[in-house]
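Below is one structure, written out as structure tokens; comments come after it.
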Amino acid sequence: MTSRYERQIPLIGKDGQEKLLNSRVLVVGAGGLGSAVVSYLAAAGIGRLGIVDGDVVEDSNLQRQTIHAGKIGENKAESAAEFVENLNTDVVVDIYPYDLTEKNAERIAKNYDVLVGCPDNFETRYIINSVAVKLGKPFVHAAVHGWEGEVGVFVKKPCYRCYIAKGVEIGGEIIGAVAGVFGCIQALEVIKIITGKGEPLIGKIFRLDLKTFENFILELKERENCETCGGKNEIR
Ligand SMILES: [Zn+2]
């Protein structure tokens, strides 16, 4: 192993580093959250990163989607993969340059140990949640809005749909650095899950308002008759 990881090995151990290098993580969405997740997971030496995004980089994305600098007009999964190749050649990248759907989710997700949700819509979050429950994979969720955000980890039950049964979309206004903070927390949760160090937010939601630093942790319960983790779990 090179000196690349010498500053983190005292914290996670050589065995922890080996675990990262042998792990496979799927990142759904290479936007504001995904920029931070992809950067820090690639830097930490995750062995295989799958990146799913069907969008093309636009001028208005660069306020927060920092890994796409100079890439206007390129597909975001492809642009993110180029960023990773420049940062760390230990990481193999699988590029999925299209949206995650009910039809392709299981085929893509089954190749990974941890699923990281970085979409900007509820529909994709519910698809990731369904496939995570079905395949028994940890789902590291985050969502941001304005100056605030939330992050949580779901392992089978309670699932994301136990937490929010039916989401309602709100506006897309966001301070770029807020997405960065929550994407970094997602990357940390993945590192904790893979190395077994620290205490990931399993079955919990951490909310933080970065304007005031008001924050709290919700302890989730299984929802009775949850259609995903308690029912027939059709991926939709
Ligand atoms: Zn559930």
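The values are calculated or read from the model by the stated rules, or taken from the named source; none is laboratory data. Just so it is clear, the model here is predicted, and its values are computed rather than measured. Every residue, glycine as well, gets a Cβ built from its backbone with ideal geometry; the counts of neighbours run over all protein chains shown. Accessible surface areas use protein heavy atoms only, side chains included; no ligands, DNA or RNA. Shrake-Rupley method; radii C 1.70, N 1.55, O 1.52, S 1.80 Å.
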Please determine whether any residue of the stretch 148-163 is over 19 Å from V28 (Cα atoms), in a loop (DSSP other than H, G, I, E, B) and within 11 Å of the ligand (Cβ to nearest atom).
yes
Please identify the pairs in which a residue from the stretch 145-173 that is modelled with pLDDT under 95 has its Cβ atom under 8 Å from the Cβ atom of a residue that is away from the ligand (no atom under 16 Å from the Cβ) and in a loop (DSSP other than H, G, I, E, B), counting only partners at least 6 apart or on another chain.
E169/N121; G172/D120
Scan the stretch 187-209 and report the pairs whose first residue is touching a residue at least 12 places away in the same chain (Cβ under 8 Å) and whose second residue is of a type in the set (S, T, Y), with Cβ atoms within less than 7 Å and a gap of 6+ or a chain change.
A187/Y40; I194/S23; I205/Y163
Mind listing just one residue for me: the one in the stretch 67-118 that is in contact (Cβ under 8 Å) with a residue 60 or more places away in the chain and in a loop (DSSP other than H, G, I, E, B) and, of those, farthest from I185 (Cα to Cα)?
E102
Go through the residues of the stretch 165-180 one by one and say whether even a single one is closer than 15 Å to L41 by Cβ and open to solvent by less than 60 Å² (accessible area, probe 1.4 Å).
yes
Whichever residue in the stretch 203-221 is within 14 Å of the ligand (Cβ to nearest atom) and not small (G, A, S) and, among such residues, is farthest from V181 (Cα to Cα)
K221
Within the stretch 222-236, work out how many residues are more than 10 Å from the ligand (Cβ to nearest atom) and over 20 Å from the mean Cα position of the chain (by Cα).
2
Every listed condition ((1) among the hydrophobic types (A, V, I, L, M, F, W, C); (2) open to solvent by 10 Å² or more (accessible area, probe 1.4 Å); (3) touching a helix residue (DSSP H, G or I) at 6+ places or on another chain (Cβ under 8 Å)) holds for V190 save (2)
